[in-house]
Amino acid sequence: MFSWLKRKYKFLKTMAQANQQKNEQPQAEKIPQSFPELRAKLQQVFAECGDFKTREILVGDEHYRLIIAWMDNLASNQILHESLIRPLLEPQAFCQFLEDKEEDLAVFLKNNVLIAAELKEVTDFNQTVEFILCGESVIYIEGSSTALAAATRGWETRTVTEPETETVVRGPREGFVEDLAVNCALLRRKIKNPNLKMEMMKIGRQTKTTVCVCYLKGIADPALVQEAKTRLQKINIDAVLESGYLEEMIEDAPLSFFPTVGNSEKPDVVAAKILEGRVGIFCDGTPFVLTVPYLFLETLQASEDYYTRAISSSLLRTVRIICFYVSILLPGLYVAFLNFHQSVLPLNFLLTIAASRESIPFSPFTEALFMGITFEILQEAGIRMPRPIGQSVSIVGALVIGEASVRAGLVSDPMVIITALTAISTFILPPLQRVLPFFRFGFTIAANILGLLGIFFFLIALVIHLCTLRSFGIPYLAPLAPLSLSDIKDTFVRFPLWTMLTRPRDLTWPETGQAAKYRAGAEQLLSKMRKKEDR
Amino acid sequence: MMTNVKISGYQLALLIMGFLFGSTAVLNPTAMAGQDAWLAYILAWVGGFMLIWLYVRIALINPSLTLVEILKVTFGKYLGTVIALLYIWYFLHLAALVLRDFGEHMNVTVFYRTPMTFIISCFALLIAYCLRKGLEVTGRAAEILMPYLFIFVIIIFFLLIPEYDTNNLFPFLEKGLTPVIQVAFGVLTFPFGETVTFLMIFPALYSPGQLKKVSFAAFGVMGFIILGIIVRDLLSLGPDLLTRLVFPPSLSTELTPELQLEPLISVNFLLGGWVKITVCLYAALVGIAQLLGLNDYKHLVLPLVLLAVGLAMWLYEDLFKMMDWTANVYPYYAFPLQFGIPLLILLVAKIRKLA
Amino acid sequence: MALNIILLVIIAIIMVLLDLPGLLKIEKKNKIKVLISYFLLLLTGFTLGLLLILEREPVSPTVIIERMLNLILGIGL
């Protein structure tokens, strides 16, 4: 078996090496000066590409020939006409050039004729191809080895709407869209600061997806930013269709149940995380933006915690922590108490349970397992079904599984209550929603073997596992373990905003982390002194 | 060697607290002193402070050296190795002892028909996992788990208030001071003296300047909590019942009105025992690795845990043999290791300094 | 009893299988030392378990400790 694994491993390794070699950038290539050659080359590159358009124009008293090349619908026809073609065909446009004849035509076009917002001079043919594929229009000039790339991007995008995954009662309702440029703009509107850096890179051998690494210089730890960038650069796959691809390639513990890379659909959430010193990773084509490092406690935090008053959001935090325990422990505790620790329950309660379990042929464990699996099936069906049919799923679930199975004597009433409670609790922690059921089953099995002892064996093992995890070098359970007292302010309770004087110590650059504390303290003192002086 | 492992002062304090809590709070070693249990305990507690002072002194004189290395430095290569082997055996023995205590407790209280080997093996599996992940992870896990232990102790203490009867404290010193001192000597060796194990862990402390503060604080806090437990058992059960029971806390928690909180005692035992066994086996593993001159102890975890489980089953025939042995033989067996040899180390260091 | 022995053997085999990849990776200097101590410990544990299952365990070390203490200190136990 081991030799087989070894061979498999070697095979994967050689494959990875081969891919590495394939990933080399294509060599730079000069743009042909003669047009028949250029036409042939474009034809060869874009053969059988139905959406590739070119147009030849004669300008300057028909002395000069140009080819404009673009991708249909990627480049906006309106911008193309208004800012490129119309100025070019303007009769007076070339008067000055024809008189002087000193300047290079490309420079003249760039400076005097074209009115596109962004114009780049390109000398590499492969680069022009890349520009065309990104939605820009490229103007080739006969007899010149320089081409002009004009920003004419303008494709159909979804409008900014409220995301369905993260709804809030109070707080901004806008969400990211599929277009990277729009997303970057949404973030920039939140943080109007030149220190907000956005570094673009292209990932994916076939798709050449644009990925943007976004961080706040001076707050984010430079080592963290570097680590994120190197991990992204090491990615070597064919396609990046969603940020999930990136997540899987850069996460620390791919085999763990717990996510070590966070994602969000809301600009305000991402902005808050970047302001704490995290790094955001935008991926073109998806509204889900990744944030690293992602720590366990972030699953308990919601953006609304910071928009509502501190007391109410602290209470909600507590509720969420209770929900976390309920959703993983409740069925296990039920099994443990009924199997091993009957004496712990008050007698009256025990009698009630016994009465409702009288006609049930199965053990509590079988019941819990049956109901747990049923619920998972219902949930998955509810997500996958088209929305109109989803309603019927809930009816089937509530009536058939809940009501009928109790009446048929398959499950007892307490078990239905427990399943419902666990299910609802799971929904309160969306990032862990897909993870918690596994632990629920694990705890139920452990409880069936060794009762409460089994549950605690499993719990300790789980805590040890969580303690071994790290996300981009930061312990997953920080700031609880290792304990950092100054960061407790944003864990089980949320302190009022005016007490949050320091940035998270685990995340930020040490210089800003500790120094910021003293600076804030000094500033407070200064302002007090100034007030006194004013009097 | 294993100096790259670093834990914070808070983590070390939690490990010491968990270690002291260990099986102490469930076995209640002061029970034999009857109504004077609290006095015997306080005497032992004071002695415990002297012992930890001794250990801290040794650790400060030999910074970044573990006990095995200190022994080699102090007594020379051969004698040092022999004594180090003695200590490794002691740590292993201690781990096996706690494992057996745990198994017996579970068998007596809840899992009457589950084979003890199975319970012990499950526990050992957990500890093996923990040891494989290393001391840093153990420390961090302790940061998460130890608060539960304190919460449970406090809950039980306050829920039992209606059952307390102050008459249980009298008559004071009925049989004179001698039996009290005898019990106090027992308590000094179990649990306070057992912290000699931490001489293997002190070098891992991130900032050695904290060592004294941290270990004294841990002794103070945990000593106070155990005092609370002992007083709780004494006040709720009475001296007569206390001396007859093997696991007094299990019975005293059953007295809680309207509730039965016995499982909390088991869970506390689990948390404390987990820390204690992990620390003991870690010390033994590091000792073995250092004697052999290895960089990493992790390869030896599984066989040593298997050995510890075997020892746990082999050392004692039954519960009563074990109780008898721990009460009457253990103090004399452990005291030289806990006090004699450390004192000798300190003296040798002092003489060398003078010379 | 037979079942117990089979279980013990399975546990020992699983342990070796779990550890072997790690054991083979150690640098040459320490390899022999680690391998010898590993299998020595494993063998001790395994033999102990086997003897316990067969109920033919030798005298427990606690008894030996007790006798030695008796000899040295002369305490009446």
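The values are calculated or read from the model by the stated rules, or taken from the named source; none is laboratory data. Quick caveat, the model's predicted, so the values are computed rather than measured. Cβ placement follows ideal geometry from the backbone for every residue including glycine, while neighbour counts extend to all protein chains displayed.
Check the range A:296-303 and report whether any residue there is part of a helix (DSSP H, G or I), under 37 Å from the mean Cα position of the chain (by Cα), small (Gly, Ala, Ser) and under 19 Å from A:Met500 (Cβ atoms). Checked against the condition, which is being part of a helix (DSSP H, G or I), under 37 Å from the mean Cα position of the chain (by Cα), small (Gly, Ala, Ser) and under 19 Å from A:Met500 (Cβ atoms), the range A:296-303 yields at least one hit. Quick check on A:Arg173: is it within 30 Å of A:Gln433 (Cα to Cα) and either touching a Cys at 6+ places or on another chain (Cβ under 8 Å) or free of Cβ contacts under 8 Å to residues at least 60 places away in the same chain (or both)? It is true that A:Arg173 is within 30 Å of A:Gln433 (Cα to Cα) and either touching a Cys at 6+ places or on another chain (Cβ under 8 Å) or free of Cβ contacts under 8 Å to residues at least 60 places away in the same chain (or both). Scanning the range B:303-316 for residues that are within 22 Å of the chain's Cα centre (by Cα) and facing chain C (nearest Cβ under 9 Å) returns B:Leu304, B:Val305, B:Leu306, B:Leu307, B:Ala308, B:Val309, B:Gly310, B:Leu311, B:Met313, B:Trp314, B:Leu315, B:Tyr316.
Conditions (1) under 20 Å from A:Ser76 (Cα atoms); (2) modelled with pLDDT of 85 or more, marked per residue:
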position: A:Val107; (1), (2): no, no
position: A:Ala117; (1), (2): yes, no
position: A:Thr128; (1), (2): yes, yes
position: A:Gly143; (1), (2): no, no
position: A:Thr157; (1), (2): yes, no
position: A:Pro194; (1), (2): no, yes
position: A:Met198; (1), (2): no, yes
position: A:Val211; (1), (2): no, yes
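Scanning the range A:430-443 for any residue that is outside any loop (DSSP other than H, G, I, E, B), crowded, with 17+ Cβ neighbours inside 10 Å and of a type in the set (D, E, K, R) turns up at least one such residue.
Checked against (1) surrounded by 21 or more Cβ atoms within 10 Å (Cβ to Cβ); (2) closer than 30 Å to B:Pro203 by Cα, B:Glu104 meets all criteria but (2).
Answer yes or no as to whether B:Glu174 is more than 14 Å from chain A (Cβ to nearest Cβ), part of a loop (DSSP other than H, G, I, E, B) and in contact (Cβ under 8 Å) with a residue 24 or more places away in the chain. Against the criterion (more than 14 Å from chain A (Cβ to nearest Cβ), part of a loop (DSSP other than H, G, I, E, B) and in contact (Cβ under 8 Å) with a residue 24 or more places away in the chain), B:Glu174 qualifies. The residues in the range B:122-164 that are of a type in the set (S, T, N, Q) and surrounded by fewer than 19 Cβ atoms within 10 Å (Cβ to Cβ) can be counted, and the count is 0.
Taken residue by residue, the range B:72-83 has no member that is closer than 22 Å to B:Gly18 by Cα, in a helix (DSSP H, G or I), of a type in the set (A, V, I, L, M) and at pLDDT 90 or above.
Take the conditions at pLDDT 85 or above, in a helix (DSSP H, G or I) and over 30 Å from A:Asp487 (Cβ atoms) and apply them to A:Gly372. Does it pass? For A:Gly372, the condition - at pLDDT 85 or above, in a helix (DSSP H, G or I) and over 30 Å from A:Asp487 (Cβ atoms) - is met. Name the residue, out of A:Pro414, A:Pro437, A:Pro431, that is outside the structural domain of A:Ser264 (by TED's automatic domain parsing) and touching a strand residue (DSSP E or B) at 6+ places or on another chain (Cβ under 9 Å). Within the list A:Pro414, A:Pro437, A:Pro431, the selection yields A:Pro431. In the range A:113-141, the residues that are within 11 Å of A:Leu84 (Cα to Cα) form Cβ pairs under 9 Å with partners that are aromatic (Phe, Trp, Tyr) and outside any loop (DSSP other than H, G, I, E, B), at six or more places apart or across chains, as follows: A:Val113/A:Phe94; A:Val113/A:Phe97; A:Ser137/A:Trp70; A:Ser137/A:Phe131; A:Val138/A:Trp70; A:Val138/A:Phe131.
Taking first residues from the range A:405-428 that are under 10 Å from A:Val326 (Cβ atoms) and partners that are basic (Lys, Arg), the Cβ contacts under 7 Å between residues at least 6 apart in sequence or on separate chains come to A:Thr422/A:Arg440; A:Ile428/A:Arg320. Here A:Gln78 meets each of (1) assigned by TED's automatic domain parsing to the domain that holds A:Ile141; (2) touching a strand residue (DSSP E or B) at 6+ places or on another chain (Cβ under 8 Å) with one exception, condition (2). Restricting the search to helices (runs of 4 or more DSSP H) fully inside the range A:141-258 and requiring at least 2 residues that are more than 19 Å from A:Asp284 (Cα to Cα) and more than 16 Å from the chain's Cα centre (by Cα) gives A:222-234. Reported count of residues in the range B:83-108, each being at the interface with another protein chain (Cβ under 10 Å from one of its Cβ atoms) and over 18 Å from the mean Cα position of the chain (by Cα), is 1.
Does A:Glu156 meet the test of being surrounded by fewer than 21 Cβ atoms within 10 Å (Cβ to Cβ) and touching a residue at least 24 places away in the same chain (Cβ under 8 Å)? Answer is yes for this residue. Pairs meeting the criteria (first residue in the range B:139-163 and more than 9 Å from every other protein chain (Cβ to nearest Cβ) and in contact (Cβ under 8 Å) with a residue 40 or more places away in the chain, second residue of a type in the set (Gly, Ala, Ser) and part of a helix (DSSP H, G or I), beta carbons under 6 Å, at least 6 apart or on different chains) are B:Met146/B:Gly18; B:Phe157/B:Gly228; B:Leu160/B:Ser236; B:Glu163/B:Ser236.
Sort out which residues of the range A:465-489 are part of a helix (DSSP H, G or I) and either small (Gly, Ala, Ser) or surrounded by fewer than 23 Cβ atoms within 10 Å (Cβ to Cβ) (or both), and write them in order of number. Outline the logic, then answer.
Residues of the range A:465-489 that are part of a helix (DSSP H, G or I), as a first pass: A:465-468, A:485-487.
Scanning the range A:465-489 gives A:His465, A:Leu466, A:Thr468, A:Leu485, A:Ser486, A:Asp487.
Suppose the filter is away from chain A (no Cβ under 14 Å), within 21 Å of the chain's Cα centre (by Cα) and acidic (Asp, Glu); does B:Asp233 pass it? It is true that B:Asp233 is away from chain A (no Cβ under 14 Å), within 21 Å of the chain's Cα centre (by Cα) and acidic (Asp, Glu).
Among residues that are aliphatic (A, V, I, L, M), touching a helix residue (DSSP H, G or I) at 6+ places or on another chain (Cβ under 7 Å) and free of Cβ contacts under 8 Å to residues at least 60 places away in the same chain, A:Val400 is not included. Residues in the range C:47-70 that are facing chain B (nearest Cβ under 7 Å) and either outside any helix (DSSP H, G or I) or more than 30 Å from B:Asn328 (Cα to Cα) (or both): C:Glu57, C:Ser60.
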